[in-house]
Amino acid sequence: MRQQVSRLTVLFVILIGALVAARIFLVPETFGELGHFRAAAIGDIADLQVKYAGRAACAECHTDVEETRLAGRHASVSCEACHGPAADHAEDPMARQPEKPVGRALCTLCHGYDPSRPTGFPQIDPAIHNPLQPCTACHQPHAPEPPVTPEGCSGCHGQIARTKAVSHHALLPCTTCHTVEEEHKLNPSASRPTKPAARSFCGRCHAPDATPPPDIIQQVPRVDLATHGGHYVCWQCHYPHFPELR
Amino acid sequence: MKGPESETMPDSRATGGGANQPVDRREFLSRSLPAGWVLLAAFTGCGGEPSAPAGGSEASAREAGSAPDSGSQAPASEVETSAARDPLAGYDPSQHKYAMAIDVDRCIGCGRCVEACKTENDVPREPFYFRTWIERYVIQRNGNTVVTSPNGGISGFPPVEEAEILRTFFVPKLCNHCDHPPCVQVCPVGATFKTEDGVVLVDHDYCIGCRYCIQACPYGARFLHPVTRTAEKCTFCYHRLVKGLVPACVEMCPTQARIFGELNARSSPLARFQRMHKIQTLKSHLNTEPKVLYANLDGEVS
Amino acid sequence: MESHIQTLMEVLQQTKGYIYPNEVELHWGLLVVVYPYVTGLVAGAFILASLERVFNVREVQPTYRLSLLTALAFLLVAPLPLLAHLGHPERSFEIFLTPNLNSAMAMFGFVYAWYLAVVLLLEIWFDYRKDAVIWSRHETGFRRLVHRVFTLGANDLSEHAVRFDRSAGKFITVIGIPSAFLLHGYVGFIFGSVKANPWWSSVLIPVVFLFSAMVSGIALILILYMLTSLFRRMEIDMRCADKLGSFLFYALIIDFSLEMLDFIHRLYEAEESIGILSQMISSRLFISLVVLQILLGTVVPLVLLGIFSPAFHTRAFVHAPAELRRLIYFCAAILIEVGIFSTRWNVVIGGQIFSKSLRGLTVYKVELLGLEGLLTSVFLLILPFVILYVLVKFLPPWPEAEAAAPSEPNS
C-alpha cells in the first residue's frame, strides 16, 4: 500500500473508532427503546407535579358544595377556576386554605359584557349593574340564579332574553312584537306566538313620522320605508333581538 | 345535563396507578387479593357506566382503573410496589389516543385556561411565553379583520369599538399535537417526539436549544424557555393524563369550550363532539393532521 | 436574562398587526445569518479552486492554493455561530450520537465532517505534502514540527508518489465539487424545507443559496488575492483578475436570474402570504433587500463587471487601464460581499419578521453584547481571516514558496 494511503487510513480509523466509542458510551441508556428519543423522558414528564387537583378531588370532602354546584348554573365551572390551584390543599387539607375571591373582578372576567362573547351568555355591564356591591351580595356563587327567578317568556327563551337584554331593544317587552295566547304557556307547540310579517310593523317606531312609545328615551333610528331595503322584510337584514350595534 | 362533558377521562380505565391514589386503595388491594378478581370485574362494570354522574364516574373509573391492566401484565402487588417509583406504572399508552376539541361558540375569552396552564406548568409569566392562549377576532364592516391577544388573554380582553363590528369571537389556541408533527421531523437529535398515545413532548434534558422546531411549527405553539434554554410547548398536561386527570385548561374552562378525550373510542365526550359538529382543523393544507379539533371555526382564523 | 426580557418588551411595543404571542422572540438572529454566509464563502472558494484543477482554467491558477486555505479557514469557523446560538452548546455532540435521520439539520454534522475531513483537508494534504516534506528538511523548531506532523510521516518524494498526490488530489476535487454543492445546497434546504414558513418554503432556495455561494466565494478570493498581492508588493496577474471578474459576472447573472424567478413566481402566484410578505419587503426589509441586496449588491456590480470585465468577448466593452480595472473589480467584489450578506440576512431574518398568522410583523433587535450579540458575530467574521493568516504562515500558498524549495532530492 502507498505510504500516503496507509497513513491516512490509520488516521481515519482512529477518528471513526472515536466516534463509535463515543456512541457506545454517551448515548443515553433508554434512547431508542420506544422510538428515536430517550424513553425515560416520558417518565420525567409524567412525574411533574400536579397543581390543580380537579373538581373530583374537591368533591370528596366538600360534598355539600358539590351538590349545590352540580344542581346550579355553575355545574360546569371547576372549583379551582375561582378558588385557585389547590392540589396541596387536597393532599393535606391543613396545609393551606384556598382563597375565597372577593369583590367583582373575578366574576366580571366571565360575566362582564363583551361583544365577542357568544350571544345569550349571561353578561352585565359592571359600570351600571349595582356598581358598589360585591356580586355575592345578591348571587350565590356556587349556584348563581338571577335575583328574580325567570318568569314569563325568559323562563323558556332564556337565550333570547339574555341576548335582548344587552341590545338596543332591551327595554321592549316581548309582547311589543309578539302576540301570545295563554294556550302557548301550557302547550307551546299548539299555539304559536305571532311574528311581525310586515315592514310597516317596524315602521311604527322606525318610520320618519312614527311616535315611539314614550318610555323609549334613546334616539330611535329612522328609515324611509318607501326607499329603504327594497322588498325585504326588516328581519331578513336585521336581527330584532340584537339589532346592529351602535 | 349536569355531568360536565370534559370532566371525566372517558377511558381512564387503563390509567390507574397515579401519584394521587389514596393510600387506602393500595392497602385494600393487597389485603383483598384472593377475592380480587370478582371485585375487579364488578368494578370494571360500574366504571364503564356512561350515565354515572361526573365526579362519581371518575372516582369509580379510577378505582377500576389499573386493575385489568395490572392483572394482565404482572401480579397486582408487584405493580403496586413499583408504582411508588415509576410515574408511569399501571399506565398503558397503547390504550389511548388523545385529542382535544374546541367549540369556538362556547369560548367567552375569560382566560382561565391560560392562567391555569401557566400555573400548572410553571410557564414564565412574561407575555411572550404561552403554551395556550386566546385570540380575539373582530371582523369589521370594512372587511378588515383585527386579531388581538393581549398577554395571551390571561386577564381578559379590553373593550372594543362596537360600531365597526360585523362579527366577533374568541379562539383558544394551543399545540395541535399533530399526527404528522413537523417539529418532530426537524429535531436534529430526537429531543422532541410523539408518544404512543399521540402526545408530542419535549425532552428537556436532551434538547440542544437549536430552535429548528420553533421555526417548523406552523402554529406558533413553541417557545424557548428563558431559564432552561430548551424548547417548550403544551404537553396536554401529560403528567395529569397519566394520573387520570384532564389537562388543566380543560379542567378550568367554565363553559366547556374545551373537550378532551379519546380519539378512537366509540363513545366518549370527544367522539360525541365529533358526531355532533362540523369539524375543522387549523392550516389543514399543511398536512400536519392536527389533533386539536375546532367546531364553529371561522374562515378568518389562521 | 433581565435585559433579554427588557428587549422583548420593547419588541412587543413595536410589533405591527397581530403576531402569535410566542413569536415576539425572534429565534434565529445574527449568528444564524453569519452561518450560511460563512458556509457560502467556503463552498464558493472551493468551487473556484476546482476550476483550475478539474476544468483546467489556467488563468486562475495563482489563486488555487489561496482558495483552498480560505475555504478551510472559513470552514473551521462555520460551526461556531451555530454552536454559539444553541441554548445548550454543551449538548451539541448529540447531533453525532443520535442524529434524527428525518431532520434536515441532523445531517449537518455529517455533511460538515465529510466536507472538512474527506474533501478539504485531504485535498490540501495531497497538494501540500510534497512541499511540506521539503520545507521540513530545511527548517528548525516549531515550523519543522508542524510540517512534520502535517505530513503524517509520509515523506516519500519519489516521482511515483508525487504523481499519486496529484491524481489523488484531482480525484478528491472531482468528489469535492458535488460535496461543495451538497454543503451549501444543504444549508439552503434547511430553510427551503420549512413548509410552515412561506418565505422560506421554496425548492429554489437551495439553488439560489448555491449560486450566491459561488458569487460570494469568488468575490472573496478576488479581494484576498488583490489584498495579499498588495501587501506582498507583488504584481497582480491581470489575466487572473480578469478571469475572476468574468466568472463573478457569470455567477452573478445566474444568481440574480434565479432570485428574480423566485420573486416573480411568488408575485404571480400571489398566495395568501403575498400580502404580508409585500408589506414586509416595503417596510422592514426595504433597506436590506431592495437597496443593499438588489441595487448595491447585484445591479451595480453586474453593470460594472458587464462593462469592464472581458465577460462577453476576449475584450471588455469598455477597455479600461489595468489600474482602473483593479479598482472596479475590487469595489464590485466588496459590494457583492455586502449584497450577499444582506441576502442571508433577508432570508434568515426576513423569514421570522412576519408572523405565521400572516397578520403582522415583528422587529429584530440586534443585541450588542452576549453570546448571540453583534460583537460575537463580528468576532466570528474576523476569526477566519486570523486563521487564514496562520494557515498562510505555515502553508504559504504563493507560487514562489513552491519555487523556493530546492529541486527534489531523489529518494
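Only the coordinates and a few stated rules stand behind these numbers; no lab work does. A quick note: this is a predicted structure, and the numbers were derived from the prediction, not measured. Cβ sites come from the backbone with ideal geometry, for glycine too, and all protein chains shown count toward neighbours.
Working from Cα pairs under 8 Å separated by at least six residues, relative contact order for segment C:114-239 is 20 percent.
Of A:Thr136, A:Thr194, A:Thr163, the residue with the greatest mean-square motion in the GNM of chain A, using alpha carbon springs below 10 Å, is A:Thr194. Shielding by partners for peptide C:146-156, expressed as the average number of C-beta atoms from other protein chains within 10 Å of each residue's C-beta, is 2. Restricting the calculation to Cα atoms, the protein assembly as shown shows an Rg/Rh of 1.08 when the hydrodynamic-style radius is the Kirkwood one. Farthest towards the positive end of the charge dipole of the protein assembly as shown, among the residues B:Gln274, A:Val102, C:Phe171, is the Cα of C:Phe171, using unit charges on the Cβ of Lys, Arg, Asp and Glu. A:Arg23 label point, 7 Å along Cα→Cβ, cut-off 11 Å on backbone N: hits in segment C:77-102? The answer is C:96-99, whose backbone nitrogens lie closer than 11 Å to the label point. Inter-chain Cβ neighbour count for A:2-13, averaged per residue, equals 5 (cutoff 10 Å, partner chain atoms only). Looking at segment C:163-293, what % of the alpha carbon pairs are farther apart than 18 Å? Within segment C:163-293, distances greater than 18 Å cover 68 percent of Cα pairs.
Its relative contact order, with pairs defined as Cα atoms under 8 Å and 6+ residues apart, puts segment A:55-137 at 19 percent. Taking every residue in B:128-136 and counting other chain Cβ atoms within 10 Å of its Cβ, the average works out to 4. By the count of neighbouring beta-carbon atoms within 10 Å, fewest first, C:Met226, C:Met1, B:Met252 end up ordered C:Met1, C:Met226, B:Met252.
Note on chain A: Cα convex hull, mean projected area over all directions, 30.9 nm². Cα gyration tensor of segment A:110-246, axes a ≥ b ≥ c as square roots of the eigenvalues: rounded (a/c below 1.5), prolate (a/b > b/c) or oblate? Cα axes put segment A:110-246 in the oblate bin.
Which net charge results when you count Lys and Arg as +1 and Asp and Glu as -1 among the other residues whose beta-carbon is under 11 Å from that of B:Ala248? Combined, the nearby Lys, Arg, Asp and Glu give +2. Pairwise Cα distances in segment B:102-179 exceed 19 Å in 39 percent of cases.
Any idea what % of Cα-Cα pairs in chain C are farther than 32 Å? Above the 32 Å cut-off, chain C has 40 percent of its Cα pairs. Just checking the listed ones, A:Asp224, A:Asp209, A:Asp47: in the Gaussian network model of chain A with Cα springs under 10 Å, the one fluctuating most is A:Asp47.
Phi angles across segment A:36-49 convert, under the Karplus curve 6.51 cos²θ - 1.76 cosθ + 1.60 with θ = phi - 60°, into 3J(HN,Hα) values of 7, 6, 7, 4, 5, 4, 4, x, 4, 6, 5, 7, 4, 7 Hz, Gly and Pro given as x.
Which residue fluctuates the most in chain A, going by a Gaussian network model with Cα springs under 10 Å, if the choices are A:His228, A:His89, A:His129? Maximum among the listed residues: A:His228. Rounded to 0.05, the FRET efficiency of the B:Ala265 and C:Leu204 pair, given R0 = 60 Å and the Cβ-Cβ distance, is 0.85. Within a straight-line Cα-Cα reach of under 12 Å, C:Lys243 can be paired with the following aspartates and glutamates, leaving aside sequence neighbours fewer than 8 residues apart in one chain: C:Glu52, C:Glu59. For the pair C:His319 and C:Trp398, a Förster radius of 25 Å applied to the C-beta separation gives a FRET efficiency near 0.25, rounded to the nearest 0.05.
Considering only alpha-carbon pairs that sit under 8 angstrom and 6 or more positions apart, the relative contact order computed for segment B:150-270 is 15 percent. Only helices enter this figure: runs of n ≥ 4 DSSP H residues, each worth -39500 (n - 2.57), summed and divided by the residues of chain C, yield -21500 deg cm²/dmol at 222 nm to the nearest 500. Here the calculated FRET efficiency for A:Ile14 and C:Arg232, from their Cβ-Cβ distance with R0 = 45 Å, stands at 0.75, rounded to the nearest 0.05. Longest segment of chain C with no trypsin sites (Lys or Arg not before Pro) in a DSSP loop having at most 16 other Cβ atoms within 10 Å? In chain C, the maximal stretch lacking such sites is C:1-231. With the cut-off at 1.5 for a/c, could you classify segment A:138-212 from its C-alpha gyration tensor as rounded, prolate or oblate? The shape class here is oblate. Largest first, the three principal axis extents of the alpha carbons in segment C:316-404 are 63, 42, 19 Å in whole numbers. Rounded to the nearest 20, the size of the Cβ-charge dipole of the protein assembly as shown about its Cα centre is 2160 debye, with Lys and Arg at +1 and Asp and Glu at -1. Cα centroid separation, segment C:334-352 to segment C:206-263: 16 Å.
Report the normalised scattering of segment B:182-232 as log10 I(q)/I(0) at q = 0.21, 0.24, 0.26 Å⁻¹, calculated by the Debye formula with identical scatterers on the alpha carbons. The Debye formula, applied to the Cα set alone, gives -0.67, -0.87, -1.01.
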